[in-house]
Amino acid sequence: KNYKVVITSGPEANETERIKRILKLVKTDPINLAGRTSIKQLAILAHHAVLFIGVDSAPMHLAAAMNTPVIGIFGPTGAFVWGPWDNDLDSMVRQYPRRNGLQPSGKHTVIQRDWECIPCGKDGCNGSKKSRCLEEIEAEELFGLVENITLRKSLYTQSKENAPLLIGFGKAQREEVL
């Protein structure tokens with residue numbers, strides 16, 4: 001299926017510049033809202049999206065809170081604590097029981113390397129500020145997950161026929177009022 005992709009990020013220059021570099025590589029024409037959405041606007045966008053794809057961040061948790069299926073991209077943090085919460089599952093059941101690896105939980109899926117060093121909780125490998133466990137997740141892996149998730153019945157519990165697919169980059173959005 002062809003989705004209309006919406007890309008978001010925080011307003012920081014390093015995030016918006018990264019989005020510009022990514023947009024030069026894509027063959028489609030996504031809607032670029034990088035650095036231009038408030039938290040409230042992001043919540044509305046997430047509510048109407050068919051799927052959210054993004055790193056372990058506030059926008060990922062916001063999308064999950066809006067009952068939008070999430071593909072959460074995890075690196076050095078533990079999904080067993082920080083994974084996107086499915087509001088429809090029993091809150092007393094641990095939603096991500098494994099230490100790492102690919103883990104579906106209700107309408108959400110966490111993608112994370114199944115490496116012995118994960119989760120390490122560090123800000124990059126060997127003090128580098130770059131996490132191999134994040135950088136080595138390939139786009140093809142995400143495409144496969146999108147295909148699988150869009151086939152799940154839970155995705156169609158709400159009528160979202162022409163809804164966008166939301167991709168969130170960065171840790172935060174602007175907090176100004178609509």
query = So is Gly121 surrounded by fewer than 16 Cβ atoms within 10 Å (Cβ to Cβ) and over 27 Å from Leu42 (Cβ atoms) or not?
reply = no
For Leu134, the lone unmet condition from (1) open to solvent by 60 Å² or more (accessible area, probe 1.4 Å); (2) modelled with pLDDT of 90 or more; (3) assigned to a loop (DSSP other than H, G, I, E, B) is (3)
Restricting the stretch 66-99 to residues that are polar (S, T, N, Q) and exposed (fewer than 15 other Cβ atoms within 10 Å of the Cβ), the one nearest to the chain's Cα centre (by Cα) turns out to be Asn87
Checked Thr150, Thr109 against criteria (of a type in the set (S, T, N, Q), open to solvent by less than 60 Å² (accessible area, probe 1.4 Å) and modelled with pLDDT under 75); the one match is Thr150
Only one of (1) in contact (Cβ under 8 Å) with a residue 24 or more places away in the chain; (2) in contact with a Phe, Trp or Tyr (Cβ under 8 Å, 6 or more places away or on another chain); (3) small (Gly, Ala, Ser) does not apply to Ser105, and that is (1)
(message) Taking the criterion of being modelled with pLDDT under 95, open to solvent by 20 Å² or more (accessible area, probe 1.4 Å) and of a type in the set (Val, Ile, Thr), would at least one residue in the stretch 55-65 satisfy it?
(response) yes
Considering the stretch 23-49, residues that are among the β-branched types (Val, Ile, Thr) and in contact (Cβ under 8 Å) with a residue 24 or more places away in the chain, and then whichever is surrounded by the fewest Cβ atoms within 10 Å (Cβ to Cβ), we arrive at Ile31
The correct count of residues that are in contact (Cβ under 8 Å) with a residue 24 or more places away in the chain and over 19 Å from Val5 (Cα atoms) in the stretch 62-79 is 6
Quiz item: Right, Lys20: open to solvent by 80 Å² or more (accessible area, probe 1.4 Å), touching a residue at least 40 places away in the same chain (Cβ under 8 Å) and over 24 Å from Asn148 (Cα atoms) or not?
Solution: no
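The values are calculated or read from the model by the stated rules, or taken from the named source; none is laboratory data. Keep in mind that this is a model prediction, so the values were computed, not measured. Cβ sites come from the backbone with ideal geometry, for glycine too, and all protein chains shown count toward neighbours. Heavy atoms of the whole protein, side chains included, go into the accessibility calculation; ligands, DNA and RNA do not. Shrake-Rupley method; radii C 1.70, N 1.55, O 1.52, S 1.80 Å.
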